[in-house]
Amino acid sequence: MADLKLPRLNKVFLAGRITREPELRYTPKGTPVVRFTVATDRKYKDEMDQWQSVPIYIDVVAWSNQAEYICKVAHKGTAVLVEGRIDTRSYVDSNNINRKVFEIIADHIQSLEWAPRTETEGAEEEIPLPEDEPNHTAEPVTDDDVPF
């Protein structure tokens, strides 16, 4: 059997609404990090040929400039587009049971909403997008580094 050349591809695009206020925290080394959940849905037809919708809640982690950006422009209910990769981590819970968590590590996050215009403003406030920077994987991050 011939060797297969499989691409190493781990890319996710996710659009939905933030379910709770993003809270900016810092690792012991001072790196900004934020965790939040994005709600989206999956549509399907049931046995009666009626469309149904099932909500899906996906955990997202953003680091560095992306973490600071999302805390400036987003809040609970904000529609966002997240581009990133799936990652896993394991831990032992308080009942001594091994748990595994799947989450999206965000490379880019974009708010899908414009800031509302006020009467005193002539134009909508423009919030600069964070500069591209190397992903946080440049320095290894352990569960001890994450402040949650």
## Note on the structure
Residue hits (segment 79-115; closer than 18 Å to GLY16 by Cβ, in contact with a helix residue (DSSP H, G or I) (Cβ under 9 Å, 6 or more places away or on another chain) and assigned to a loop (DSSP other than H, G, I, E, B)) are GLU113
### Query
Within segment 69-88, is there a residue that is more than 13 Å from the chain's Cα centre (by Cα), loosely packed, with under 15 Cβ neighbours inside 10 Å and farther than 24 Å from TRP114 by Cβ?
yes
### Query
Yes or no: ARG8 part of a strand (DSSP E or B) and either surrounded by fewer than 15 Cβ atoms within 10 Å (Cβ to Cβ) or touching a strand residue (DSSP E or B) at 6+ places or on another chain (Cβ under 7 Å) (or both)?
no
### Query
Has segment 41-52 got at least one residue that is more than 15 Å from SER111 (Cα to Cα) and touching an Asp or Glu at 6+ places or on another chain (Cβ under 9 Å)?
yes
### Query
What single numbered condition from (1) on the phi > 0 side of the Ramachandran plot; (2) crowded, with 17+ Cβ neighbours inside 10 Å fails to hold for ILE18?
(1)
### Task
Please work out which one of (1) modelled with pLDDT under 95; (2) part of a strand (DSSP E or B); (3) closer than 18 Å to PHE102 by Cβ is the condition GLY16 fails and give its number.
(1)
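Yes/no matrix, rows are residues, columns are (1) of a type outside the set (Val, Ile, Thr); (2) touching a residue at least 24 places away in the same chain (Cβ under 8 Å):
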{"position": "LYS11", "(1), (2)": "yes, yes"}
{"position": "LEU14", "(1), (2)": "yes, yes"}
{"position": "ARG17", "(1), (2)": "yes, yes"}
{"position": "GLU21", "(1), (2)": "yes, yes"}
{"position": "THR31", "(1), (2)": "no, yes"}
{"position": "VAL34", "(1), (2)": "no, yes"}
{"position": "GLN50", "(1), (2)": "yes, no"}
{"position": "ILE70", "(1), (2)": "no, yes"}
### Task
Identify all residues within segment 38-64 that are surrounded by 16 or more Cβ atoms within 10 Å (Cβ to Cβ) and not small (Gly, Ala, Ser); write none if there are none.
VAL38, ILE58, VAL60, VAL61, TRP63
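The values are calculated or read from the model by the stated rules, or taken from the named source; none is laboratory data. As the structure is a computational prediction, the values presented were derived from the model and not from experiment. Positions of Cβ are backbone-derived with ideal geometry, glycine not excepted, and every protein chain shown enters the neighbour counts.
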